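The values are calculated or read from the model by the stated rules, or taken from the named source; none is laboratory data. Keep in mind the model is a prediction, meaning the values are calculated, not measured. When we count neighbours, we look across all protein chains shown, and the Cβ atoms used for this are built from the backbone with ideal geometry, even at glycine. Just the protein is used for accessible areas: all its heavy atoms, side chains included, with ligands, DNA and RNA removed. Shrake-Rupley method; radii C 1.70, N 1.55, O 1.52, S 1.80 Å.
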Amino acid sequence: MPDEAPASRVRRPRMTPERELELLTTTIDVLREVGYEALTMDAVATRARCSKATLYRQWPGKPQLVAAALYATRPVDASTIDTGTLRGDLLAFVTTLAAQAEQDTALIAGLGHATLTEPALRLALRESLIEPEHEHVLSFVRRAVERGELAGTPAATAFLPQLLFAALFTRRLFEDAYADADYLVGFIDGAVLPALRNS
């Protein structure tokens with residue numbers, strides 16, 4: 001009888017980055033269709049034509065899968081933005097997000113409701129999505145200070161991510177319209193930059 005390979009040598013093939021992105025994109029598709037509460041690992045696995053075990057090998061559960069999917073499919077990678085000015089960086093960030101505001105507003109609103117009752121989702125979103133993007137946005141201000149655009153780090157910097165998030169996803173409530181590029185440019189020029197320059 002031929003020798004059997006030691007168990008330590010038996011390895012499953014690693015998931016390619018392309019396949020991982022495909023699974024995460026599929027997760028977003030299902031999430032948009034059914035919402036967070038109705039989304040299941042089984043539903044994602046069926047749509048993505050993979051086993052549920054494949055998903056669990058990559059992500060511990062639904063909260064982590066959804067957070068990873070939101071991060072992987074975000075419309076703009078803030079870490080790549082560096083226009084040379086604070087205004088340019090902020091505009092590059094928000095105008096790219098504006099292109100998806102209509103389809104993302106309902107998605108984010110639904111997730112916001114889910115975070116009220118799902119601590120695991122709240123934690124996963126904070127760790128995998130909010131904190132990394134928060135850090136990238138704050139880097140806009142740090143570079144502005146280094147260039148001499150700002151005399152120091154403004155007090156309003158602590159609230160910058162919340163300001164941008166609120167502008168993107170609450171216009172529908174206040175004005176029955178989505179946050180398009182013109183609206184966000186006006187918001188940056190009329191609210192965000194004055195707050196940063198005068199605090």
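Using the heavy atoms of the protein chains alone and a 1.4 angstrom probe, what is the accessible area of the chain per residue in square angstrom?
On the way: 11450 Å² over 199 residues.
Each residue of the chain exposes 58 Å² on average to a 1.4 Å probe.
A simple spin-label model places pseudo-atoms 7 Å from Cα toward Cβ; at Asp82 and Asn198 they are separated by 3.2 nm.
Work out which GluC sites (Glu not before Pro) in the chain are exposed loop sites (DSSP not H, G, I, E or B, at most 16 other Cβ within 10 Å) and give the longest gap free of them.
On the way: sites that count: Glu4, Glu37, Glu149.
Longest gap between qualifying sites, sites excluded: 38-148.
Subtracting the Cα-Cα distance of Arg14 and Asp176 from 0.36 nm times their residue separation leaves 53.7 nm of extension gain.
With loop membership from DSSP and a limit of 15 other Cβ atoms within 10 Å, the longest segment of the chain without trypsin sites (Lys or Arg not before Pro) is 50-199. Using C-alpha pairs under 8 Å with a sequence gap of at least 6, the mean separation divided by the residue count of the chain gives a relative contact order of 22 percent.
Ignoring everything except DSSP H segments at least 4 long, calculate the 222 nm mean residue ellipticity for the chain; use -39,500 (n - 2.57) per segment, divide by total residues, nearest 500.
Details: 11 runs with 126 residues, N = 199.
Taking each H run of at least 4 residues, the total per residue is -19500 deg cm²/dmol.
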